[in-house]
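Report on one structure; see the data block that follows.
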């Protein structure tokens, strides 16, 4: 069971500022990027010592025939395979427990997460439970694991979640209606097969939501208290790629370059946030997702301008750099003007992508519970400007009245 020692968020014990700040830089995932690399799933699983795999996915991908193709690749590599396809958006603790129990009974020793962030996070959580036992809430927060999880091969079919390189599994506690963050570098998939061809079938709404999820990763990493020069470089490159390719992928789903560009953007923004942590945007977004079960990327999209407005006074310089990554001409503009332009660019993306507005997603009667959940989020200490429950409530309320 969980170690009784208190786990301290790294943002609370970090020493130094700027380039003098200490930190940890770890990239446990081996990434293969390219068209058709998903066909190498059997080789990847075999190289990790797998003998029996569980492919964790959702019913929609099974209907498309993609799951059967991955199972066949595994079997051609000499790996027996079974399928768990009960994954739902905003993955539930009950399905992680179910997958782990079935895996234990079947002698599974490796997981393949095939799908969006929900499928990959379910696979990662099941891998945790297979070796650690218990309930996902036993392993919530930073560095709580007792044992190394089983190996995971991640195959994303969306471009935005970054779960294929993330040390987190974000799982909904169906009793507490809370999004739990299970965070440990050992949770990272051992291998990620990032195949842009698997994203071509995404409907426009999913392209928009997952693309804005990638935006939120780039920006939540950029202004995070745990940011480093390396994470900033990846966050800004992710933002540049998104600005160039997201609207193209949304309007022209068959645009190969745009789909490849967004797959790269999701990957590099995911790597940035894996070095740091998410911060205030995800505190707000995960509260909404926990209460209403809205798509995570949509929740991130509508809350990102709110937290940027809140953080502007301490993150102005970074937002000015973000404006440059977005391609905004900074000639004659002050740093403050550029920061404002960056925030407005995010709002413009939301509008052109048809993202719902916050008043369409939440109810005024729920402001107290939303603020409470945002304030209790594991990643709150990572936000660069202090915010408490009253501050989160004020952000929600202001957006409702706008």
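Quick note: the coordinates plus some simple rules give every number you see, no bench work behind them. Just so you know, these numbers come straight off a predicted model, no measurement behind them. Cβ coordinates were reconstructed from backbone atoms using ideal geometry, including for glycine residues, and neighbour counts include every protein chain displayed.
Quick look at the values:
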item: Space enclosed by the convex hull of the alpha-carbon atoms of the chain, per residue, Å³; result: 125
item: Residue-averaged 222 nm ellipticity for the chain, from DSSP H runs of 4+ at -39500 (n - 2.57), nearest 500; result: -16500 deg cm²/dmol
item: Relative packing of peptides 178-188, 67-77 - highest average C-beta neighbours within 10 Å first; result: 178-188, 67-77
item: Cβ-derived FRET efficiency at R0 25 Å, residue 314 paired with residue 372, nearest 0.05; result: 0.55
item: Cα Rg over Rh - the range 185-276, Kirkwood; result: 0.99
item: Segments 30-40, 145-155, 306-316 sorted - mean Cβ within 10 Å per residue, highest first; result: 145-155, 306-316, 30-40
item: In degrees, nearest ten, helix 66-76 long axis to first principal axis of the chain (Cα); result: 50
item: Base-10 log of normalised Debye intensity for the range 100-228 (one unit scatterer per alpha-carbon) at q = 0.11, 0.13, 0.19 Å⁻¹; result: -0.40, -0.55, -1.11
item: Tail fraction, Cα-Cα pairs, the range 10-198, threshold 20 Å, whole percent; result: 50
item: GNM top mover of 121, 43, 22 - the chain, alpha-carbon springs below 10 Å; result: 22
item: Kirkwood-Stokes translational diffusion coefficient of the range 202-401, alpha-carbon pairs, 20 °C, 1.002 mPa s, µm²/s; result: 130
item: Angle between the chain longest axis and helix 117-132 axis [Cα atoms, degrees, rounded to 10]; result: 60
item: GNM flexibility winner over the chain from 133, 65, 297 (Cα, springs under 10 Å); result: 65
item: Neighbour-count ranking [beta-carbon atoms within 10 angstrom, fewest first] of 157, 57, 122; result: 157, 57, 122
item: Folded to 0 to 90 degrees: helix 229-251 orientation relative to the chain principal axis, Cα; result: 80
item: Residues 125, 224, sorted so that the one with the fewest Cβ neighbours within 10 Å comes first; result: 224, 125
item: Shape call, the range 138-214: gyration tensor on alpha carbons, a/c limit 1.5; result: oblate
